[in-house]
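Before any comments, here is the structure.
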Amino acid sequence: MNKKYRKAVIAGNWKMNMVPSEVKGFVEQLRPLMPKAKTCEVVLCAPYTHITSLRRAMKDSRISVGAEDLSLHDKGAYTGEVSAAMLEDMGTQYVIVGHSERRQYHGETDFMVGEKAAIVLEHGMTPIICVGESLEQRERELTMEYIRYQVLAALSYIPDNKLRQCVIAYEPIWAIGTGKTATAEQAQEVCECIRRVIRERRGARVARSISILYGGSMNAKNAEELLSMPDIDGGLIGGASLKPDDFSKIIAAVAAVTGEESK
Ligand code: PEP
């Protein structure tokens, strides 16, 4: 983590969990556990149905609200879809795009991911662009080539003047929800590769200032080690973001790594 050049981000991804009436209780438990000083950007990404309740429950807090996906379309005959304008109107600040579960179960391609990220930016929100290799790709030593392609394909939709507003999340598919975490060295190696690819294609200044997160079974125990890596600027957290105590400990790990006062 290098806070001199870029912001630290701890983002939760609730996935399809909880019901809207449980949101208030969750936030009431989380609020007193939050570090007093703002040591990082804290985001909770939730299903569309929870966003208004989350916004209301987190009023006057330092926690931002995010969505887990959005439609590629502006408006019209797309039954069941939710547009960027709708999310913006609800006060959404972040949107996850290209999560491996969207890619796997809904056929999202790298180009769709890039297009979605560009739409998010056009609506003044921040995309969290997910990339990550499968176990087979890792075992066949294709990780770096694959990640490189995913990053370049998605970022090809983003103009230079918007690039630094993006957040990238490296999430090895084999580590998501499995309890298997990438070692800090494995995660650093890929995050460093992502920064290098951006530097080569889009320049050193933007590469230095873009926040790159690690996601994949990050928890209260392993967060500090992962966050202490120079190219890991935060975390995208699934399971542990549903537990206020664990999530707050991951947020506190940022302060432990940077030596900032969190209380
Ligand atoms: C995720 O879904 O983005 C994720 C990282 O999940 P988990 O932390 O549960 O592995």
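The values are calculated or read from the model by the stated rules, or taken from the named source; none is laboratory data. None of the values given here were measured: they were computed from a predicted structure. Cβ sites come from the backbone with ideal geometry, for glycine too, and all protein chains shown count toward neighbours.
Taking residue 136 as meeting all but one of (1) modelled with pLDDT of 95 or more; (2) away from the ligand (no atom under 12 Å from the Cβ), write down the number of the exception.
Residue 136 satisfies every listed condition except (1).
Out of all the residues in region 7-38, which are surrounded by 20 or more Cβ atoms within 10 Å (Cβ to Cβ), outside any helix (DSSP H, G or I) and away from the ligand (no atom under 16 Å from the Cβ)?
Answer for region 7-38, where residues must be surrounded by 20 or more Cβ atoms within 10 Å (Cβ to Cβ), outside any helix (DSSP H, G or I) and away from the ligand (no atom under 16 Å from the Cβ): just 8.
Of the residues that make up region 90-108, is at least one under 18 Å from the mean Cα position of the chain (by Cα), under 18 Å from residue 206 (Cα atoms) and hydrophobic (A, V, I, L, M, F, W, C)?
No, that holds for no residue.
Yes/no per residue for (1) outside any loop (DSSP other than H, G, I, E, B); (2) crowded, with 17+ Cβ neighbours inside 10 Å; (3) in contact with a Phe, Trp or Tyr (Cβ under 9 Å, 6 or more places away or on another chain):
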position: 53; (1), (2), (3): yes, yes, no
position: 56; (1), (2), (3): yes, no, no
position: 66; (1), (2), (3): yes, yes, yes
position: 73; (1), (2), (3): no, no, no
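For region 178-263, give me every one of the helices (runs of 4 or more DSSP H) that falls completely inside it and has 1 or more residues that are farther than 21 Å from residue 154 by Cβ, within 16 Å of the ligand (Cβ to nearest atom) and aliphatic (A, V, I, L, M).
So the answer is 184-202, 223-227, 244-258.
From (1) outside any strand (DSSP E or B); (2) surrounded by 13 or more Cβ atoms within 10 Å (Cβ to Cβ), pick out the condition that doesn't hold for residue 104.
Single failed check for residue 104: (2).
Might you check whether a residue that is over 19 Å from the mean Cα position of the chain (by Cα), surrounded by fewer than 23 Cβ atoms within 10 Å (Cβ to Cβ) and not hydrophobic (A, V, I, L, M, F, W, C) occurs anywhere in region 115-137?
Checked against the condition, which is being over 19 Å from the mean Cα position of the chain (by Cα), surrounded by fewer than 23 Cβ atoms within 10 Å (Cβ to Cβ) and not hydrophobic (A, V, I, L, M, F, W, C), region 115-137 yields at least one hit.
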